[in-house]
Every structure is written in structure tokens, then in C-alpha cells.
Amino acid sequence: MGREDQGINNNLHRWQTIPRTLCFVTFGSGAERQVLLLRGAPTKRVWPNRLNGVGGHIERNEDFLSATLREVHEETGLTVAQPRLAGIVHIDSGAEVGIVMAVWTAEARNQNIVSSVEGALEWHSAAQLPTSDLVDDLAILLPKVLSMQPHDPPFFAHYSYDEHNRLRIAWQA
């Protein structure tokens, strides 16, 4: 199948999205389980000083899994085990182009992290997640992701914003 068979036509004005990846790296199990969060650098354009998972853009020559593993290593110094697709989120921020984000979990073999220019890394108890400083959707998304069992299928969600710029999340059952 050639590239012309992919249905791409530069003259079409269809909804377009930017592919991104987000990973929640965990360490330990049970009551001792911890999750690694990145506090965005104060100089970041998006979510400065806010806690998020690690991740980023998918490069042209990458698939979602390869991009996730690369981003985790670049932002944390970790090589992770058992990466698992937790869900897919379609984000409509009201702009001409949206975002499709693959949400992953992975397990760290150790807690030896190396911060990057993206921000400071912090281990938090999965049982007592911080309630402040989280990126807007994490108060809902992170507990959902961390409670998933290995046999659970990936979730699907759609994010949008109402007329007061409040995040709305629609979960597909």
C-alpha cells in the first residue's frame, strides 16, 4: 500500500491531531507503591510548576510505545519494564488542531532518577497522591490509571472545555 492509499489529501480540511504520550512510572507494590511525577520547570510554557506524568511528542519515525520509552528515559534516566497502554485520550482545546494522547503505565526497576530540563522529578505515594499542584486532569486521570488491573482493557476519553474554560471529561464505557 502506497502513501496515497492512506487517504491523506493535503486539500482536505479535516480535524487534525498531534500525537503525544504520557506515562505514569511506578515503583513497588501494595501500600508501598509509588508513582513518579514531574514538576514542570518554572520556565515551561505549559504547566510550569505543576505535577504531571512524563512524556511528550511522538516523533515522525516513532510509534507510540517507542516514543513513550524514549520520553521516559530522556526525562528520568530510567529504563522501565512492563509498559502497558492504559488508555487513549482525545483532547479538543478549541484550537484548529487537537491532541491524541496515549496514556501508559510502566514499572521502574529502581528509584535512581535523573532530572532533566523538563523539571524536577518527585516520587509520591500512590495511596496518598498530592491534591494540589496537579495538572488539571490528573486528579481524575491518575487514580483511574493506577487502579487498573493487568487484565483491564484500555479506556477511551474525550477532553474538551466549556464556556468557562473548565475541563470536561467524557469516558467511553
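The values are calculated or read from the model by the stated rules, or taken from the named source; none is laboratory data. Everything numeric in this text was worked out from a predicted model, so none of it was measured. Note that we place each Cβ from the backbone using ideal geometry, even for glycine, and neighbour counts take in every protein chain shown. These area figures cover heavy atoms from the full protein model, side chains too; ligands, DNA and RNA do not enter into them. Shrake-Rupley method; radii C 1.70, N 1.55, O 1.52, S 1.80 Å.
Here are the numbers for the structure shown:
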read-out: Subset of segment 113-169 (residues that are β-branched (Val, Ile, Thr), in a loop (DSSP other than H, G, I, E, B) and in contact (Cβ under 8 Å) with a residue 12 or more places away in the chain); value: ILE113, VAL114, VAL117, VAL135
read-out: Only listed residue being open to solvent by 20 Å² or more (accessible area, probe 1.4 Å), closer than 20 Å to ILE58 by Cβ and among the hydroxyl-bearing types (Ser, Thr, Tyr), chosen from SER116, SER125; value: SER116
read-out: Members of segment 18-76 that are among the acidic types (Asp, Glu) and out of contact with any helix residue (DSSP H, G or I) (no Cβ under 9 Å at 6 or more places or on another chain); value: GLU32, ASP63, GLU71, GLU74, GLU75
read-out: All positions within segment 49-64 that are open to solvent by 50 Å² or more (accessible area, probe 1.4 Å) and either in contact (Cβ under 8 Å) with a residue 24 or more places away in the chain or closer than 18 Å to GLU122 by Cα (or both); value: ASN49, ARG50, HIS57, PHE64
read-out: Criterion violated by ALA102 - all others in (1) at pLDDT 95 or above; (2) over 17 Å from the mean Cα position of the chain (by Cα) satisfied; value: (2)
